[in-house]
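Only one structure is covered here, and it is reproduced in the block below.
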Amino acid sequence: MPANPSHFVAGGNINPCRFVKRDVSADHQVLEADANEMVEGIAGESSRLPPLEGYVTNNYHAIAGEACRVHPANETDVLLEMAATCTAGLRLKSDADGKGTPIATTGTTIQHFGAIAEEACTVIGQKIKVRVVIGSERPALS
């Protein structure tokens, strides 16, 4: 990991280990990414409150106005919460909740990815290690 991680301000509630996008309404502000959006990186894995099982239902990484750590491009061994299973080496994009899902390999919609899986995901909701790689590609026509 780099010595100086990227820090932003949360423009809303951001869960740990989720894709984040730039918030165009303010400088240096991020929001959880929506489905297939261009991303800035992945939110840090820490949570803002201690784990109090049975008492804390939503333990965000950051809420609106708080500092939000963002793992930038080229960082490795970053945890990403998954919305689908995958194998190592697949490009991953954001789903509607900022979780990772494999990009489409066929169709006409340009795919905006934010990471490459460094390990397989076998259970939905699992957090896997990824390398942050941000880009776009056009899938093959079906």
Just for the Cα atoms in the chain, what are the lengths along the principal axes, largest first, rounded to whole Å? 47, 34, 29
Net charge near residue 23, counting Lys/Arg +1 and Asp/Glu -1 over other residues with Cβ under 11 Å of its Cβ? -1
Any idea of the accessible area per residue across the chain, 1.4 Å probe, to the nearest Å²? 52
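Ignoring ligands, DNA and RNA, how do 61, 7 rank by accessible area with a 1.4 Å probe, largest first?
The ranking, largest first, comes out as 7, 61.
In the chain, carbon and sulfur make up what percent of the accessible area (probe 1.4 Å)?
That fraction is 50 percent.
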In debye, nearest 20: dipole of the chain around its Cα centre with unit charges on the Cβ of K, R (+) and D, E (-)? 200
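What's the local net charge at residue 102, with K and R +1, D and E -1, over the other residues with C-beta under 9 Å away?
Here the count lands on +2.
The values are calculated or read from the model by the stated rules, or taken from the named source; none is laboratory data. Being a predicted model, the structure only gives us computed values, none of them experimental. Positions of Cβ are backbone-derived with ideal geometry, glycine not excepted, and every protein chain shown enters the neighbour counts. Note: accessible area is taken over every heavy atom of the protein model, side chains too, but ligands, DNA and RNA are not part of it. Shrake-Rupley method; radii C 1.70, N 1.55, O 1.52, S 1.80 Å.
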